[in-house]
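Down below is the structure, laid out as structure tokens.
The values are calculated or read from the model by the stated rules, or taken from the named source; none is laboratory data. Values in this document were obtained by computation on a predicted structure and should not be read as measured data. Reconstructed Cβ throughout: ideal geometry from the backbone, glycine too, with neighbour counts over all protein chains shown.
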Amino acid sequence: MVAPIDITFLGTGSAQPSHTRNHQSMAFRADGEIWLFDAGEATQHQLQKSNLKMGRITKVFITHMHGDHCFGLPPLLCTMTENLNPNRAHEGVVDVYGPRPLRQWLRVALRSTYSRLGRHYRVHELIMEGEVADENQEDRHPDEEPGTNIHVKDNTFDLPIDDKEGWTVRAAPIQHSIPSLGYVIQEPSQPGKLDHATIVPKIQRNAQALLEKGYKSPMAVLGKLQRTQVDITLPDGEVLTPPARRPGRQIVILGDTCDASSMLPLCNSPHLLVHEATNALTQLDRIPTSSSQPEITLKDVEDRARSHGHSTPQMAADLAKRMGAQKLIMTHFSARYKGDDSDEESVAIMEEIRQHALDVLGKERDKDVFCARDLWFYEIKY
Ligand SMILES: [Zn+2]
Ligand SMILES: [Zn+2]
């Protein structure tokens, strides 16, 4: 049985939050454990509105230091740890990953508000090319454990994820107006699928002999083969080999960006790419502000997006295509694109944005492209 994996979009807005889009945060959940990606302002309120349990958060990954991605982190840390027994504060340390100066900033925020936590935390900083690591681990907050400094190597960060067996998280710097990161989550490989059509007749041929050998049911051999992943020799000498393992799911979550092609070497047809699409050319954007104003073109919108380090749906889809991503979810929308699925007009605008991505990926990919809205939940199927 493969573990259920899903992602809940807690906030899907960009710089300006709106009543339908909170600042950015995503909760990635695998087997009940939650890893949070970004924690914009009021992330804890959004968590309370969702069906996710705050106590299940074990790791927080920050993509970049713009406030719409991290202003919610200090209060979230206070709330998610407040009901825990202070004598057990060392257990279940919360790991926080992100660029500099996340560690110092969090220290100042918690210290200057006299905040104490029910659980300890530590910050692992991803040190970009040319940056100097913060080696001062003495001056810590009372609830802070020493974190690591992760240096970039061949444009890649290998994150220390030692408590979730077989899972890896890697990251790479992506282009934005300030240092920004994209993360690649890799699930461990999974047992392969048994080829029942070939195996079952072989077992049936040996049914009597297997019963005599003590098997309650000859077909129990199937379960044993899958479970143990070891060759089984049948009474007539036929050897059954377990199926080859299948690669686990790969999920790519990007911070704000106008160019994340640096992620390509880390990705292998990911199951899901989450990419920002801040700006678009929709019917809302086409309305001229004055009669003398020339009509806005896609190039104008793209130039404006790039100048702020952001992307259009076409740019997001272009990366998804080059990456071979199986699904694309767009998020981080400008405040003018309401995330209100009970409002016909908002739904039509978001559909326009989705179609822009499909223009690049091909209309036959209709079921593979989504626009996220707040508190929307998506299951990443194997
Ligand atoms: Zn942002
Ligand atoms: Zn940003």
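Just a few scattered comments:
- Contacts under 6 angstrom Cβ, first residue in the range 174-192 being more than 16 Å from ligand 1 (Cβ to nearest atom), partner of a type in the set (A, V, I, L, M, F, W, C), 6 or more apart: 184/252; 184/266; 185/169; 185/251; 190/2; 192/244
- The set of residues from the range 336-363 being in a loop (DSSP other than H, G, I, E, B) and either among the basic types (Lys, Arg) or surrounded by 16 or more Cβ atoms within 10 Å (Cβ to Cβ) (or both) comprises 336, 337, 338, 339, 340.
- Residue in the range 294-321 that is surrounded by the fewest Cβ atoms within 10 Å (Cβ to Cβ), counting only those that are in contact (Cβ under 8 Å) with a residue 40 or more places away in the chain and part of a loop (DSSP other than H, G, I, E, B): 308
- In the condition set (1) under 22 Å from residue 38 (Cβ atoms); (2) within 25 Å of the chain's Cα centre (by Cα); (3) at pLDDT 95 or above; (4) surrounded by fewer than 17 Cβ atoms within 10 Å (Cβ to Cβ), residue 160 is compliant with all but (3).
Table: residues versus (1) in a strand (DSSP E or B); (2) in contact with a Pro (Cβ under 7 Å, 6 or more places away or on another chain); (3) closer than 20 Å to residue 331 by Cα.
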position: 8; (1), (2), (3): yes, no, yes
position: 15; (1), (2), (3): no, no, yes
position: 19; (1), (2), (3): no, no, yes
position: 29; (1), (2), (3): yes, no, yes
position: 36; (1), (2), (3): yes, no, yes
position: 76; (1), (2), (3): no, no, no
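- Residue match in the range 212-235 (condition: in the same structural domain as residue 176 (by TED's automatic domain parsing), of a type in the set (Ser, Thr, Tyr) and more than 16 Å from ligand 2 (Cβ to nearest atom)): no
- Flag if residue 324 is within 16 Å of ligand 2 (Cβ to nearest atom) and either surrounded by fewer than 24 Cβ atoms within 10 Å (Cβ to Cβ) or not assigned by TED's automatic domain parsing to the domain that holds residue 281 (or both): no
- Identity of the residue in the range 1-36, of a type in the set (Phe, Trp, Tyr) and away from ligand 1 (no atom under 16 Å from the Cβ), that ends up surrounded by the most Cβ atoms within 10 Å (Cβ to Cβ): 35
- Among (1) farther than 26 Å from residue 63 by Cβ; (2) at pLDDT below 95 - the single one residue 114 does not satisfy: (2)
- Only one entry of 45, 66 meets the criterion of being more than 17 Å from the chain's Cα centre (by Cα) and within 16 Å of ligand 1 (Cβ to nearest atom), and that entry is 66.
- Test: residue in the range 274-291 that is surrounded by 22 or more Cβ atoms within 10 Å (Cβ to Cβ), charged (D, E, K, R), assigned by TED's automatic domain parsing to the domain that holds residue 176 and within 16 Å of ligand 2 (Cβ to nearest atom): yes
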